[in-house]
Structures are given as C-alpha cells and as structure tokens.
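Here the structure is laid out as structure tokens; the discussion comes afterwards.
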Amino acid sequence: MTIRLGLAGTGRIGASHAETLKALPGVASVVVADADLERARTTATKLGVEFAPDIETLLDSDIAGLIVTTATDSHPELITRAVDRGIPVFCEKPVAADIAGTLEVIRRVGSSTVPVQIGFQRRFDAGYQAARRAVSSGELGWLHTLRATTLDPTPPPAEYIARSGGLFRDCGVHDFDIIRWVSGREITEVFALGANRGERFFVDAGDVDTATVVMRLDDGALATVSLGRYNRAGYDVRLEVLGSEGNAIVGLDDRAPLRSVEPEYPASPYPAYPGFMERFRSAYTEELAVFLSVIAGKVDNPCTPTDALEAFYIAEACELSRREHRPVSVEEVRV
C-alpha cells in the first residue's frame, strides 16, 4: 500500500524532509505548502513533488499524514486542525512556543487516537540508540555521570534568535530529552549559568550564546550540559554516559570537531560536520520512516507531545535558574 503525505513549511529542514519522504518506500506522493507561496512552488518544482496554495487545500488533499516544519507559533493550530480531521501528524519540536501552549495542544489531542509524533531526531541516531541499549542492558553498571554537548559552528541570524525562545528551549531541549531517553531517568533539579561573549543581538533578545547546566537525576546521578553558538571548529554534538562498570560515548567519530594536542595522536583526515543536517541525516530519515509505521499502526508513537513537554519543563527550569542564579527544581515550573 502506498500513501500520500502533506508537508507544511518549505524552509531548509522542510525541503530536506520532502526530499527524504518522496524516496521512502510506501510513499506515492508528497504535497507541500508554505505561507510563502513562491517558496513552496519553487521547492515543489525543484523536488518534483506536488504543490498546494494554502494549508486548507493541503489538508483537503487526501493525505494520510502531515509533516509540520513551519515556524513554532503555527504548530498548535496545524497540529489540532490535522488531528480534528483524523490526520496523523509529525511535527518538528517544539509543540508550541511555551508551556501553556504545549499543555493546550495536549489537552486538545489527548482524547484522540490520532497520533502526534514530535521530532527529536537524536532518538533515531544509531549512536544514541546504542548508548541506550548499553544502559538498559546493565553493562555500564550504575550511572554516575552524563555529559552532553551541543555546540554550533556559528550562531543563527539575529531575527531567529529573537523568536527562538532562548538557548535552553531552542537548542538545549534536545540534550534534555536525550538524557532522559538514554538514561531512563527523570531530571529533577538544575543549576544553569549563561554568558555572552559574541554578538550583541543575544543580549538584546534576553538570551545567551553560551551556557552550562548541572543537573541531578532522580536516582542521584549527575549530568552536565554544555551549549554554545560559537564553535568554528565544527558542529559538535556528543553524549558521554559514565557508569560504575563502563562507559558509552556518542559522537566520538572521525568527523567530530575535536583536536588533540598530544604529540603522538594523529589528526583526523575527515572534515568536521558543518551543521545538524549533515550530522543527523540518517537519523532524520529513520525518524520519518518510523512515522510511516506509526501511521500504519505498526509501532507505537516513539515521541509524544508529553515527551516534548517534559523536555520543555527542564528548559524552563534552566532559564529560571540562569536568570535568578540559583538551583531550580523541575517541579517548581511544572504546571
């Protein structure tokens, strides 16, 4: 059986998803739409997919699933409109711009059997999956430390930062989600510090370009998260999972932008990852392939809006901690 899919939002990640979807087994056709009519038309022509002039037409196009890659403030409406029509949704994170909006979406779709899968692509990366298996099998012993890193080579544009929600909600939320997913534990307390050493527009937006978070998990293990917008060496995303009997390290490959200054250690001949699209290309493909299985009822939803909400709570606690310079319990921000 083949299906027809709709995609809303034809920016960089939307266009990439459309190209991936058209090549997946079981997909007969892809229809794209965007608030920018000409961008959608151009993307459709370039990729050889169909084009809808607006969202209403897209939803009326006999689609079996909707992929949402539009601006964050449009996510709640698109999710609920699709679910109300019985159309399964894959939506890039976040569900909404804030906790209140996320809770409202969960309330609106909670009684429906129509699945809504949220895009946390690291859950579909082979390295993170291997780390999770190492934890769940017990081969690492009991965990004492997790260290997560997400460093962008260069910052996004000023206009993006102004509406991003801040470093913790926009960037760190991936680390918070993956720490929960890999460890199988909940994050209970955070202490976050932030700094601005780069462009002024971070300060103007009330944001930071660098941050470090210390976390306590519900079993007593500790975690750190390092975030940054200026890492010219390349896109650096790693997770170290350290246990009493062993460790598992994700992202330590030949393209990791790490340079040893030990004299006997040779430099990698491979170029560093330039960005998240290149680093997680396989994970994005697997994530969308799993969404097709969710639509078909073959697998359970691997990442629900409630999962996204938990990561958002942690991000909110980090932002409060940074602003008030104190440890914050995640329960303090939970609604």
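Quick rundown of the values:
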| read-out | value |
| --- | --- |
| Span from the region 123-162 Cα centroid across to the region 57-72 one, whole angstrom | 30 Å |
| Computed FRET value (nearest 0.05) for residue 244 with residue 335, which takes r as the C-beta separation and R₀ as 51 Å | 0.90 |
| Degrees between helix 12-23 axis and first principal axis of the chain (Cα, 0 to 90, nearest 10) | 60 degrees |
| 1.4 Å probe accessible area per residue over region 3-114, in Å² | 43 Å² |
| Relative contact order of the chain, pairs being alpha-carbon contacts under 8 Å that are 6 or more residues apart, as % | 18 percent |
| Inter-centroid distance (Cα atoms) of region 1-52 relative to region 182-251, Å | 34 Å |
| Protection proxy ranking, peptides 182-190, 97-105, average beta carbon neighbours within 10 Å, highest first | 182-190, 97-105 |
| Choice from 19, 319, 139 showing the highest fluctuation, given a GNM over the chain with Cα pairs closer than 10 Å | 139 |
| Cα-based helix-to-principal-axis angle, 305-324 vs the chain, degrees rounded to 10 | 50 degrees |
| Förster-model FRET efficiency, 25 Å R0, residue 306 and residue 37, C-beta, rounded to 0.05 | 0.10 |
| Nearest-ten-degree value, helix 126-137 long axis tilted from longest Cα axis of the chain | 60 degrees |
| Of 157, 94, 302, the one that fluctuates the most in a GNM where the chain has Cα springs shorter than 10 Å | 157 |
| Accessible surface of the chain [probe 1.4 Å, protein heavy atoms]: carbon and sulfur percent | 50 percent |
| Largest to smallest accessible area among 46, 93 [probe 1.4 Å] | 46, 93 |
| Taking region 70-215 and dividing mean pair separation by its residue count, relative contact order in percent (alpha carbons under 8 Å, at least six apart) | 18 percent |
| Residue with peak Gaussian network fluctuation, the chain [Cα springs, cutoff 10 Å], from 200, 169, 281 | 200 |
| Charge sum, other residues only, whose C-beta stays under 13 Å from residue 219's C-beta, Lys/Arg counted +1 and Asp/Glu -1 | 0 |
| Chain lengthening between residue 45 and residue 196 when straightened (0.36 nm per residue, less Cα-Cα) | 50.2 nm |
| Residue 289-residue 261 pseudo-label distance in nm [points 7 Å out on the Cα-to-Cβ vector] | 4.2 nm |
| Nitroxide proxy distance, nm - points 7 Å out along Cα→Cβ at residue 19 and residue 145 | 4.0 nm |
| Additional length obtainable on full extension of the chain from residue 84 to residue 62, 0.36 nm per residue less Cα span | 6.5 nm |
| Residue-span extension gain [residue 219 to residue 2] - 0.36 nm each, minus C-alpha spacing | 73.6 nm |
| Cβ-defined net charge surrounding residue 26, 14 Å radius [Lys, Arg +1; Asp, Glu -1] | +3 |
| Partners for residue 46 among lysines (Cα-Cα distance below 19 Å; same-chain residues under 8 apart left out) | 22 |
| Answer label for Cα Rg over 2.2 N^0.38 Å (calculated), chosen among (1) 1.18; (2) 1.00; (3) 0.96 | (2) |
| Average Cα contact separation per residue, region 3-114, under 8 Å, 6 or more apart, as relative contact order % | 25 percent |
| Summed residue charge, Cβ within 14 Å of residue 120's Cβ, Lys/Arg positive, Asp/Glu negative | -3 |
| Solvent-accessible surface ranking, highest first, for 160, 284 at 1.4 angstrom | 160, 284 |
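The values are calculated or read from the model by the stated rules, or taken from the named source; none is laboratory data. Being a predicted model, the structure only gives us computed values, none of them experimental. Using ideal geometry, Cβ is built from the backbone for each residue, glycine included, and neighbour counts are taken over all protein chains shown. Surface areas here come from the heavy atoms of the whole protein model, side chains and all, with no ligands, DNA or RNA. Shrake-Rupley method; radii C 1.70, N 1.55, O 1.52, S 1.80 Å.
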